[in-house]
Amino acid sequence: MNVPCKKLSLKLRELVPAKRLTIRLSIQSTNQCGQPGQTEREFHISRFARDKYLFDDSLFTLSGNVVFANLHSVRRFVQKLNNKRDLVRFPETAVKAGEINAMGLIDEILHYVVEIYREQKNSELNKKALAWLEKDLGVEATNRTLRKFAEDFPQIRVYRREIELDEYFNGITNGVPNREIILEEMLLLWLANANPAFSPYLELFDDSELEYQTAYHKILDSLTEFFDSQPGFGAENQPLIEMLRSPAIAVPHSLFGQLQYILESWSALLGKFLYRLLGGLDLIKEEEKMRFGLGPGPTQVYDFSGYEFEAERFSQDKDWMPRLVVIAKSTLVWLDQLSKKYRAPIQRLDQIPDQELDKLARWGFSGLWLIGVWERSSASKKIKQYCGNPEAESSAYSLYDYVIAPQLGGDDAFFNLKQRCWQRGIRLASDMVPNHTGIYSRWIVEHPDWFIGQSYSPFPSYSFNGANLSNDERVGIYIEDHYYDRSDAAVVFKRVDFRTGDVRYIYHGNDGTSMPWNDTAQLNYLNPEVREAVIRTIIEVARRTPIIRFDAAMTLTKRHYQRLWFPEPGSGGDIPSRSEHAKTKDEFNRKMPEEFWREVVDRVAQEAPDTLLLAEAFWLMEGYFVRTLGMHRVYNSAFMNMLKNEENAKYRSVIKKTLEFNPEILKRYVNFMNNPDEETAVAQFGKDDKYFGVCAMMLTMPGLPMFGHGQIEGFTEKYGMEYSRAYWDEIEDENLIRRHEREIFPLLKKRHLFADVQNFLLYDFFTSQGYLNENVFAYSNRYENQCSLVVYHNKYETASGWIRTSVAFAEKQHQSEIPTLIQKSLGEGLNIKSHEQMFTIFRDLISGLEYIRSSKQLCDQGLYVELGAFKHYVFTDFREIMDNEWHHYAQLNHYLNGRGVPSIDETMKQMFLQPIHRKFEIIMNRATLDKLLTYQENPDATILDEIEQGLFALLQEIQNYTSANGNAAAIASAIRNDIETILRLPSLLKSTAANFNKLKPVMKFISDHIKREPDFWQIIIGWGMANQLGKIISEKDSFEISRSWIDEWLLDKIIDSAFRESGLTPEQLWRALLLIKILISHQNCIETVVTNHKTVSQVAAQLFEDAAVRELLQVNRYQDVLWFNKEAIESLNSWLMTISFIKSALPIPATDSAAAEKIKQIFSVIQSVLSTASKANYQVEKFSELVAL
């Protein structure tokens, strides 16, 4: 609807105060004959404001060849305004350059529209308008109003008194009468005053004299009628004044909104003003953006839209890369912590103790990232100390040069550490900071033209009166003064060349997200010399460390480097003042034709091919960095942030979208629970189940796991990049370390199972009610024939459900093919066969428990899992078993009903050996042991009868289980006799010594042995109970059978239980069970020497071949020599002597000299063995050599 402009103007006048603003700019126009001419349209402000603020320059100039406004002049103008304001107490009154520039642009564009109107509709528009007014209001009233305007808002030459007002008023400029120019200026003045968005700056445009002393309003009303009589204009064919007022009507209170309205509604008319307008929008965005004190933004799910059109150029991994696990160390802090730990100064890299490297290797780490090894910029240290931290070091990311810091020992110390790490399978990693150097660096001194800078300060309010931060007498380095009191964070610093007097204002490094990095200097990557110099430096770094982490790598992609530093018109606003350095996409591409990172990757592949390139990159560029730019690995910050916040559906979506786009990207993520810029892992995840669940995910997902400094030890202090030491006195959390050793480090050593993506599947977890529970992460992987399945519940609640079908993932058979999305079942993921008789056994690495499931059920229905809050499983060691004809595994599966057990094989034995176990428990328990020892020397026949009956029942159960045909009654009786002999042993020793004087030393030897052994009676009774059980199968192989049943039939667990209840310690239990098995197997070994069936050398070899004997004798290698323990060999021989005596025909009659002689000969062999062991100094090889003589 067309509303008469007169009515609209009255309404708008009611909305704004009487003090009004107008801005006029110098623009190129056409003359009244339609020919180009230079008609002045200047940035007019009132004479009163000019006198108050002492403005003496035209703020905006524009010729036919200039496209962008002079924003530096705008800022100088704004600075003069702000100098007169109390911004300390009233910061909200600050004038913003973006708004002043926007008002000037709006004014200029309105002039331009009037100009186009003259050109297209009425070339004599101003002349006719003036004639209309003179006819309607009279010449005198019209001239008086125009002259008053020219007096209150003087043209620049009039204000400077270069020309008298009357002379200008009656003159002509480029063939156009100045009265017509003044009329247009006054019309634009009224439009500006009618614009509510201009109102904050009304003090500059006091037009009250004009309103009250002239026919100002009558002229405007008359002009409204005049334009109503003229042809319409624009897309809606409006009267010209109505069209000119439409931006202020559409968006009355926003200059930014009015520029956007003009951009959207008048785009066909803008022509050369398009880029100017876009730049104006960018300037406002720069100023309106909240820059400091921002927390992290909301986490975002990766979006690969558009990247499918980019080239796929993955870099191929070397064989070591997929299994890499990295731990970070803040070098200076670590050295200080080691100094305190070892109570010795450790200041250089070559002083790091081997024990620390051994520990890292033992834990399973294969990469050590040393943060802060390069020579740092001394200016960074000075700044931080001036700002209140006297102990601060320079930031690790404000570098002077890429040489190993002298304070760390330089190259010699570095290569010493590198070699020692390499010997342990650990590769060193270092940082590269390609975006910038330190504010004082070798390149700043030698190549100032390599940095983004200019000859003037972008903001007139900046001052640089502080200390010179340079150590080089040739240059001065000064940061902006307000940085020291933290009242501002300038975007530039000042560099002075003392030799030439040249002054440059160089930009600090900046990623546009918070404040500038004020101890850095931003490199100019549009300069090809810079790109080549940085690439050469990267290659040099690669020759030192095979792993390079590129700090803030995303800032150097073409997309973001242009956005930050040379924004396309309309896309700026991230870094203050950079919108005035805008470049079109074509201009930028001519300067930077290729992606810098692609050049880096290709050059490193040629010149340092065994290097892993790792990019710290965010801003949803993760996939682009590895798939197109070719980085080997890229940061995956979503892992830490989303799992910490329990945004589980979002992180599952990250995995799903990655799999759907290209699974190879998943393999290249760097997963971490903290990094140097974040709070520590325990501060974010705690020390309990959530921490260990997420940590297990980090190690079992494809990609590169990265641990933070102090993460394993449980340190909570966040180490700043300027820290030279830890400020908190924290003690290593031994419980946390031990839990890592139990649950986490075993996973490091199995990285081959989890690292790749060819067989990786992520599963949906459905409840029994059919709902998808996205708080549960379930995924499987496979390496060769080894499978894994990981399940983690990242929520403080219980969960139960089924794992059956994977989410979709992209797969293509050939490189040129379009990938197809497919899904697989759990059975396919674990390579399980759907067979009625097959069962799958697998182990949870965390608890150590084994599980059994029907293979067919796993394939058809999936796996049912129950999880508590933050609980997880890591299932490995999958194996399939075909059930036997008795369906033992089916019975076991039914019996366990999903429960886990320490060993499926043992549980199988326990289940089917239960009748035997129950019978053995009757005779081997604490109560029986106590009874026997109570009646020692004079055994109670009743107790012995009970034992014999129990033995007979046990042997019968063995016969039932094995179909053996031995004489159970006879064997039970023989074992009873052995037990009785054992109990009478003390009295037998005395009687034998009395009967045979020559055996007194032997009897004393045995008696002394009994006294030395605190658990003698438990061991000897255990031997007696088990020793002859195997005769039920075979008389000849009975001892081997008896020993095998202790392990295979789990009789050792029953013996263990009886002994434990009797009070034996864990160490005694271990030794007792070893001795029982050894004494059963080797009870006749010394006798075979006496009977000439074997030599001592043969018996010695037989004993050392037995793993149980080697364990008992504590055989170990030290300094390439194999040793055994003196006390252990003496104890073993004492036991063998004791057993030999018990097996003799006891009691030995006084007339049986042959039996006595045999005992003496056995003792002689034992003494010889002990003597030889002593002569061999308890070295295995020497002992073997001596007994062979």
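Read-outs throughout are calculated quantities, based only on the coordinates presented, and are distinct from any laboratory measurement. Model, not experiment: these values are computed from the prediction. Reconstructed Cβ throughout: ideal geometry from the backbone, glycine too, with neighbour counts over all protein chains shown.
Taking amide H positions as placed 1.01 Å from N in the peptide plane, with prolines and chain starts having none, which residues 5 or more places from PHE550, or on another chain, fall under 5 Å of its amide H?
MET432, LEU614, ALA615, GLU616
Compute the whole-percent fraction of alpha carbon pairs in the stretch 126-191 spaced more than 15 Å apart.
Working: 1087 of 2145 pairs.
Counting every Cα pair in the stretch 126-191, those more than 15 Å apart make up 51 percent.
Under the rule a/c < 1.5 gives rounded, and otherwise a/b versus b/c splits prolate from oblate, where does the chain land using the Cα gyration tensor?
Numbers: a/c = 4.03, a/b = 2.80, b/c = 1.44.
It is prolate, given that a/c is not under 1.5 and a/b is the larger ratio.
Within 10 Å, count the other beta carbons around each residue, average over each peptide in 78-88, 983-993, 391-401, 433-443, and list them highest first.
Details: 78-88: 14.4, 983-993: 17.9, 391-401: 22.7, 433-443: 24.9.
Sorting 78-88, 983-993, 391-401, 433-443 by mean packing, highest first, produces 433-443, 391-401, 983-993, 78-88.
Under a plain spin-label model, where a point goes 7 Å from the Cα along Cα-to-Cβ, how far apart in nm are ASN967 and ARG742?
Each label point lies 7 Å from its Cα, and together they span 5.3 nm.
Rounded to the nearest Å, what's the spacing between the alpha carbon centres of the stretch 383-456 and the stretch 335-374? Just the number, please.
19
Quick one: putting +1 on the C-beta of Lys and Arg, -1 on the C-beta of Asp and Glu, what dipole do you get for the stretch 758-902 around its Cα centre, in Debye to the nearest 20?
On the way: 12 positive and 16 negative charges, 34 e Å.
In total the dipole reaches around 160 debye.
Would you mind classifying the stretch 758-902 by shape? Square roots of the alpha carbon gyration tensor eigenvalues, ordered a ≥ b ≥ c; an a/c under 1.5 is rounded, otherwise it is prolate if a/b is larger than b/c and oblate if not.
Numbers: a/c = 1.86, a/b = 1.23, b/c = 1.51.
Oblate shape, in that a/c is at least 1.5 and b/c is the bigger or equal ratio.
Once the dipole of the stretch 913-1187 is set up with Lys and Arg at +1 and Asp and Glu at -1 on Cβ about the Cα centre, which of SER1044, GLN1119, ALA1107 lies farthest towards its positive end?
After comparing all options, I get GLN1119.
Tell me, what ³J(HN,Hα) does each residue in the stretch 1058-1066 have, in order and in whole Hz, if you take phi through Karplus 6.51 cos²θ - 1.76 cosθ + 1.60 with θ = phi - 60° and put x for Gly and Pro?
With coefficients 6.51, -1.76 and 1.60, one gets 5, 5, 4, 5, 7, x, 6, 7, x Hz.
Provide the packing ranking of 998-1009, 1116-1127, i.e. peptides ordered by the mean count of other C-beta atoms within 10 Å per residue, highest first.
Working: 998-1009: 17.2, 1116-1127: 12.3.
Top of the packing list down: 998-1009, 1116-1127.
Once each part is reduced to its C-alpha centroid, what is the distance from the stretch 125-177 to the stretch 469-511 in angstrom?
50
Determine the alpha carbon to alpha carbon distance for each of LYS585/LYS667; LYS656/LYS690; LYS341/LYS384; LYS329/LYS871 and list only those over 24 Å. Kindly include the intermediate steps, with their values, before the conclusion.
Values: LYS585/LYS667 33 Å; LYS656/LYS690 22 Å; LYS341/LYS384 28 Å; LYS329/LYS871 29 Å.
Going by Cα-Cα distance, LYS585/LYS667; LYS341/LYS384; LYS329/LYS871 fall outside the 24 Å limit.
Counting other Cβ atoms within 10 Å, keep those with at most 16, restrict to DSSP loop, and tell me which GluC sites (Glu not before Pro) in the stretch 467-569 are left. List each step's numbers first, then the result.
Working: sites: GLU473, GLU480, GLU529, GLU532, GLU540; in loops: GLU473, GLU480.
The qualifying sites are GLU473.
Would you please put 948-956, 103-111 in order of how densely packed they are, using the mean number of other Cβ atoms within 10 angstrom per residue and starting with the highest?
Numbers: 948-956: 20.7, 103-111: 23.9.
The packing order, highest mean first, is 103-111, 948-956.
Taking neighbour Cβ counts within 10 Å as the exposure measure, how do VAL634, VAL503 sort from fewest upward?
The most exposed by this proxy come first: VAL503, VAL634.
If the cut-off is 28 Å between C-alpha atoms, which lysines fall inside it for LYS1031, apart from same-chain ones fewer than 8 positions away?
Partners found: LYS909, LYS919, LYS931, LYS1053, LYS1077, LYS1094, LYS1143, LYS1158.
For the stretch 616-693, what does the equivalent ellipsoid look like in terms of its semi-axes, each the square root of 5 times an eigenvalue of the Cα gyration tensor, given largest first in whole Å? Present the calculation step by step, with values, prior to reporting the outcome.
Values: eigenvalues 111, 43, 18 Å².
Values for the stretch 616-693, descending: 24, 15, 9 Å.
Quick check: from the Cα gyration tensor, does the stretch 447-493 come out rounded (a/c under 1.5), prolate or oblate? Let's see the in-between values first.
Working: a/c = 2.25, a/b = 1.26, b/c = 1.79.
Since a/c reaches 1.5 but b/c is at least a/b, the shape of the stretch 447-493 is classed as oblate.
Apply 1/(1 + (r/R0)^6) to the Cβ-Cβ distance of GLU209 and THR500, taking R0 = 60 Å, and write down the FRET efficiency to the nearest 0.05. Working shown, then result.
Working: r = 53 Å, r/R0 = 0.88.
Plugging the Cβ-Cβ distance into 1/(1 + (r/R0)^6) gives 0.70.
Would you mind computing, in nm to one decimal, how far apart the modelled labels at THR584 and ALA683 are, each placed 7 Å from Cα along Cα→Cβ?
About 4.9 nm separates the two model spin labels.
In nm, to one decimal, how far is the modelled label at SER199 from the one at PHE912, with both set 7 Å along Cα→Cβ?
My value for the distance between the label points is 9.3 nm.
What are the lysines whose alpha-carbon lies under 17 Å from the alpha-carbon of LYS96, with same-chain residues fewer than 8 places away excluded?
LYS80, LYS84, LYS285, LYS289
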